[in-house]
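> To start, I am sharing the structure in question, which I have written as structure tokens.
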There are 2 protein chains.
Amino acid sequence: MADSEVLPSLAGDPVAVEALLRAVFGVVVDEAIQKGTSASQKCHYSIQKGAAFLGLGTDSVRVVKADERGKMVPEDLERQIGMAEAEGAVPFLVSATSGTTVLGAFDPLEAIADVCQRHGLWLHVDAAWGGSVLLSQTHRHLLDGIQRADSVAWNPHKLLAAGLQCSALLLQDTSNLLKRCHGSQASYLFQQDKFYDVALDTGDKVVQCGRRVDCLKLWLMWKAQGDQGLERRIDQAFALARYLVEEIKKREGLELVMEPEFVNVCFWFVPPSLRGKQDSPDYHERLSKVAPVLKERMVKEGSMMIGYQPHGTRGNFFRVVVANPALTCADMDFLLNELERLGQDL
Amino acid sequence: MADSEVLPSLAGDPVAVEALLRAVFGVVVDEAIQKGTSASQKCHYSIQKGAAFLGLGTDSVRVVKADERGKMVPEDLERQIGMAEAEGAVPFLVSATSGTTVLGAFDPLEAIADVCQRHGLWLHVDAAWGGSVLLSQTHRHLLDGIQRADSVAWNPHKLLAAGLQCSALLLQDTSNLLKRCHGSQASYLFQQDKFYDVALDTGDKVVQCGRRVDCLKLWLMWKAQGDQGLERRIDQAFALARYLVEEIKKREGLELVMEPEFVNVCFWFVPPSLRGKQDSPDYHERLSKVAPVLKERMVKEGSMMIGYQPHGTRGNFFRVVVANPALTCADMDFLLNELERLGQDL
């Protein structure tokens with residue numbers, strides 16, 4: 001099951017593909033979508049949605065294989081590009097992911113950037129979830145190669161816990177690309193005869209018109225916490241996730257989906273009636289029904305909220321994302337104790 | 001200069017044109033954009049932007065003539081549709097406006113709906129600015145015919161002064177169209193095995209993923225103010241705009257752009273040196289330089305902020321939008337006195 005994508009899509013990013021194609025590649029949408037093949041493989045949510053929204057069509061998105069940890073396989077990326085070109089399509093963009101939603105996987109950006117460089121493709125990195133890791137000297141190696149991206153999406157409202165919404169699109173470009181893509185020179189808003197430098201009016205670069213000043217809360221938080229304060233948040237989240245993982249390993253009836261490399265801790269709660277029954281034919285079917293029952297119980301008790309989901313061939317498992325800077329080891333203990341309490345009769 | 005638009009565009013609305021075309025009209029984007037002609041006329045900001053963003057291309061937007069008050073001319077709409085069809089294009093959407101940005105004009109919706117009905121076109125009404133007028137028994141006639149629209153966009157964050165952002169898209173459709181357009185069934189978010197009716201999970205109907213609950217503030221405000229409280233806000237805004245207009249008429253050196261029908265009050269401040277010189281050849285050129293100078297002065301003094309803009313062949317004029325429910329007649333007096341004070345030496 002792939003967690004990473006190629007072709008085309010800047011997803012929810014405020015870069016109109018049409019304008020981008022014209023400005024950067026000199027091609028028009030018709031060329032880019034021609035002979036888009038049907039990709040029946042399931043791929044990440046916002047990419048398909050973005051392709052539909054931007055008029056490229058979901059069929060123009062090709063899914064690249066991911067390894068068992070959810071990381072894009074660069075060799076398959078190269079293969080997909082070759083196949084697309086052979087079919088007469090015009091590949092133009094690769095979207096890699098730093099911190100996938102479920103497993104928290106980081107794609108191998110250096111190897112992907114090499115492929116993009118060989119084929120002249122725009123490298124977009126969806127670092128919405130994992131981008132904040134750059135603030136940690138200890139963990140930033142997970143994003144090695146991101147400096148080669150043409151564009152990066154980053155949501156400080158995720159791991160940094162800035163208020164919703166706070167999203168940044170970072171570009172390598174220095175040619176005022178966003179203005180060239182989106183500028184519409186609405187004369188009632190972007191007057192050129194102002195008394196100050198109108199280059200400071202950035203509103204014409206974005207898709208929206210009336211909107212909140214989303215960057216202000218990030219700036220204020222950064223001023224208040226400092227580089228070190230934010231780094232501490234990241235490092236603490238990693239440490240707390242590690243604590244949770246070790247506690248899960250110690251307890252009976254809890255099984256990790258995999259050893260995490262980020263702060264997404266994915267695991268099954270195996271209830272007493274299923275312990276030691278891994279070999280029975282209906283084990284996985286019965287196990288996948290446990291998380292929804294526990295979720296219902298915790299919501300009705302009002303004690304906590306933990307998300308669950310299936311993933312590829314894996315049945316429903318819990319995913320604890322350790323991000324809130326107010327969390328402590330005691331909260332992790334409570335979480336596991338509460339799961340055991342709620343599921344003891346299952 | 002047109003203030004209204006046809007073909008295609010749901011602009012910033014959360015309906016992907018591709019999906020809409022497939023779901024409602026059974027056509028694909030390629031057909032809709034074929035032989036899109038170049039429209040060189042200037043038209044409303046978000047419509048062109050939306051067409052670019054959605055991959056339809058700005059050339060597929062055709063501008064319909066507006067009368068001298070900025071209202072769409074239904075006869076020209078009919079003519080444009082005929083021309084588009086003759087060129088092999090596939091018209092599918094008419095975007096009318098209830099409350100244009102600058103002049104505050106309301107398009108004649110009944111006549112436009114007749115045209116749309118004859119040609120089987122989707123009628124979208126951009127009531128972002130003017131939609132709140134429906135809450136006033138006295139003024140809601142401005143929107144007569146809006147009940148015939150297929151979709152309506154409404155921003156309570158404008159005239160009702162709800163906090164940014166608060167935008168609604170209202171649909172005639174009862175077939176769960178938004179879900180059919182945008183639904184992507186992300187299994188990590190929209191689990192079907194929950195203990196409650198999952199039809200209550202509306203997240204899969206929208207384009208965005210992580211976002212604020214923008215409807216909550218509208219609901220709270222409505223509960224706090226009631227229908228009557230909100231109606232009072234609208235009626236008061238109209239009354240205050242009327243007061244401002246009458247004051248403008250009384251004073252020397254202030255000239256209305258036109259008698260407003262909404263709360264947009266557009267006028268020129270004619271400084272002492274230009275009074276009585278309407279016939280001199282450089283009058284309009286000199287007049288259009290006045291507003292930027294006054295804007296600079298008011299900003300530097302910190303006394304007020306009034307927007308200005310050119311519009312069609314008209315040079316820069318001020319536009320006071322009377323919407324804040326805390327405004328009083330004294331504020332209107334201050335505004336005009338302050339303009340006179342700041343501009344007395346010009």
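The values are calculated or read from the model by the stated rules, or taken from the named source; none is laboratory data. Because the structure is a prediction, the values reported are computed rather than measured. Glycine also receives a Cβ, built like all others from the backbone with ideal geometry; neighbour counts cover every protein chain displayed. All accessible areas refer to the heavy atoms of the entire protein, side chains included, with ligands and DNA or RNA removed. Shrake-Rupley method; radii C 1.70, N 1.55, O 1.52, S 1.80 Å.
> Which of the residues belonging to the stretch B:179-189 are more than 9 Å from every other protein chain (Cβ to nearest Cβ) and open to solvent by less than 30 Å² (accessible area, probe 1.4 Å)?
Result: B:GLY183, single match.
> Looking at B:ARG211 and the list (1) more than 9 Å from chain A (Cβ to nearest Cβ); (2) within 26 Å of the chain's Cα centre (by Cα), which single condition is not satisfied?
Evaluating B:ARG211 over (1) more than 9 Å from chain A (Cβ to nearest Cβ); (2) within 26 Å of the chain's Cα centre (by Cα) leaves (1) as the failure.
> Please count how many residues of the stretch A:302-332 are farther than 22 Å from B:ASP193 by Cα and touching an Asp or Glu at 6+ places or on another chain (Cβ under 7 Å).
If we filter the stretch A:302-332 for residues that are farther than 22 Å from B:ASP193 by Cα, which is where we start, we get A:322-332.
If we keep only those that are touching an Asp or Glu at 6+ places or on another chain (Cβ under 7 Å) as well, we get A:332.
Residues that pass the stated criteria total 1.
> Restricting to the stretch A:169-178, what's the tally of residues that are more than 25 Å from the chain's Cα centre (by Cα) and either open to solvent by less than 60 Å² (accessible area, probe 1.4 Å) or not β-branched (Val, Ile, Thr) (or both)? Explain how you work it out, then say what you get.
First, pick out the residues of the stretch A:169-178 that are more than 25 Å from the chain's Cα centre (by Cα): A:174-176.
Subset that is either open to solvent by less than 60 Å² (accessible area, probe 1.4 Å) or not β-branched (Val, Ile, Thr) (or both): A:175-176.
Counting residues in the stretch A:169-178 that are more than 25 Å from the chain's Cα centre (by Cα) and either open to solvent by less than 60 Å² (accessible area, probe 1.4 Å) or not β-branched (Val, Ile, Thr) (or both) gives 2.
> Being within 23 Å of A:VAL115 (Cβ to Cβ) and crowded, with 17+ Cβ neighbours inside 10 Å is the filter here, so list the residues in the stretch A:134-168 that pass it. Give the steps one after another, and end with the answer.
So the first thing to find is which residues in the stretch A:134-168 are within 23 Å of A:VAL115 (Cβ to Cβ), and the list is A:134, A:140-154.
Those that are within 23 Å of A:VAL115 (Cβ to Cβ) and crowded, with 17+ Cβ neighbours inside 10 Å: A:LEU134, A:LEU142, A:LEU143, A:GLY145, A:ILE146, A:ALA149, A:ASP150, A:SER151, A:VAL152, A:ALA153, A:TRP154.
> Would you confirm whether or not the stretch B:176-191 contains a residue that is within 28 Å of B:VAL133 (Cβ to Cβ) and touching a residue at least 24 places away in the same chain (Cβ under 8 Å)?
So far as the stretch B:176-191 goes, yes, one or more of its residues are within 28 Å of B:VAL133 (Cβ to Cβ) and touching a residue at least 24 places away in the same chain (Cβ under 8 Å).
> Could you figure out which of (1) surrounded by 13 or more Cβ atoms within 10 Å (Cβ to Cβ); (2) modelled with pLDDT of 95 or more; (3) touching a helix residue (DSSP H, G or I) at 6+ places or on another chain (Cβ under 6 Å) isn't true of B:CYS329?
In the conditions (1) surrounded by 13 or more Cβ atoms within 10 Å (Cβ to Cβ); (2) modelled with pLDDT of 95 or more; (3) touching a helix residue (DSSP H, G or I) at 6+ places or on another chain (Cβ under 6 Å), B:CYS329 misses (1) alone.
> Quick check on my filter: what residues within the stretch A:190-203 are away from chain B (no Cβ under 11 Å), open to solvent by 40 Å² or more (accessible area, probe 1.4 Å) and either part of a helix (DSSP H, G or I) or at pLDDT below 85 (or both)?
Passing the criteria: A:ALA199, A:LEU200, A:THR202.
> Residue check, A:ASP59 against (1) within 14 Å of another protein chain (Cβ to nearest Cβ); (2) in a loop (DSSP other than H, G, I, E, B); (3) not basic (Lys, Arg), all met but one. Which one?
Exception for A:ASP59: condition (2).
> From the list A:ALA51, A:ALA2, A:ALA32, exactly one residue is within 30 Å of A:PHE318 (Cβ to Cβ) and either open to solvent by less than 20 Å² (accessible area, probe 1.4 Å) or modelled with pLDDT under 55 (or both). Which is it?
On the way: A:ALA51 fails: within 30 Å of A:PHE318 (Cβ to Cβ); A:ALA32 fails: within 30 Å of A:PHE318 (Cβ to Cβ).
None of the others qualify; the one that does is A:ALA2.
> Checking A:PHE106 against (1) of a type in the set (Phe, Trp, Tyr); (2) modelled with pLDDT under 90; (3) crowded, with 21+ Cβ neighbours inside 10 Å, only one condition comes out false. Which one?
A:PHE106 satisfies all of (1) of a type in the set (Phe, Trp, Tyr); (2) modelled with pLDDT under 90; (3) crowded, with 21+ Cβ neighbours inside 10 Å except (2).
> The conditions are (1) of a type outside the set (A, V, I, L, M); (2) touching a Lys or Arg at 6+ places or on another chain (Cβ under 6 Å); (3) open to solvent by 60 Å² or more (accessible area, probe 1.4 Å), and B:ASP227 fails exactly one of them. Which is it?
(2)
> Kindly provide the set of residues from the stretch A:123-133 that are out of contact with any Gly (no Cβ under 8 Å at 6 or more places or on another chain) and either of a type in the set (S, T, N, Q) or closer than 12 Å to A:ARG232 by Cα (or both), ordered by number.
Selection gives A:SER132 alone.
> Shifting gears a bit: Scan (1) without any contact (Cβ under 8 Å) to a residue 40 or more places away in the chain; (2) in contact with a Phe, Trp or Tyr (Cβ under 7 Å, 6 or more places away or on another chain) for the single condition A:VAL263 breaks and write down its number.
Condition not satisfied by A:VAL263: (1).
> Restricting to the stretch A:281-320, name every residue that is at pLDDT 95 or above and closer than 22 Å to A:VAL133 by Cβ.
Scanning the stretch A:281-320 gives A:ARG319, A:VAL320.
> On to the next question. So, B:GLY88, is that one out of contact with any strand residue (DSSP E or B) (no Cβ under 7 Å at 6 or more places or on another chain), over 16 Å from B:GLN48 (Cα atoms), open to solvent by less than 40 Å² (accessible area, probe 1.4 Å) and touching a residue at least 12 places away in the same chain (Cβ under 8 Å) or not?
On the way: out of contact with any strand residue (DSSP E or B) (no Cβ under 7 Å at 6 or more places or on another chain): yes; over 16 Å from B:GLN48 (Cα atoms): yes; open to solvent by less than 40 Å² (accessible area, probe 1.4 Å): yes; touching a residue at least 12 places away in the same chain (Cβ under 8 Å): yes.
So B:GLY88 passes the test.
> For the stretch A:315-328, which residues satisfy the criterion of being in a strand (DSSP E or B) and of a type in the set (A, V, I, L, M)? Before the answer, list the steps.
Taking the stretch A:315-328 first, the residues in a strand (DSSP E or B) are A:315-321.
Within the stretch A:315-328, A:VAL320, A:VAL321 meet the criteria.
> Follow-up question, since we're still on this one. Kindly indicate whether B:LEU220 is of a type in the set (A, V, I, L, M, F, W, C), within 14 Å of another protein chain (Cβ to nearest Cβ), open to solvent by 20 Å² or more (accessible area, probe 1.4 Å) and in a helix (DSSP H, G or I). If you could, list the steps in order and put the result at the bottom.
On the way: of a type in the set (A, V, I, L, M, F, W, C): yes; within 14 Å of another protein chain (Cβ to nearest Cβ): no; open to solvent by 20 Å² or more (accessible area, probe 1.4 Å): yes; in a helix (DSSP H, G or I): yes.
Judged against the criteria, B:LEU220 is not a match.
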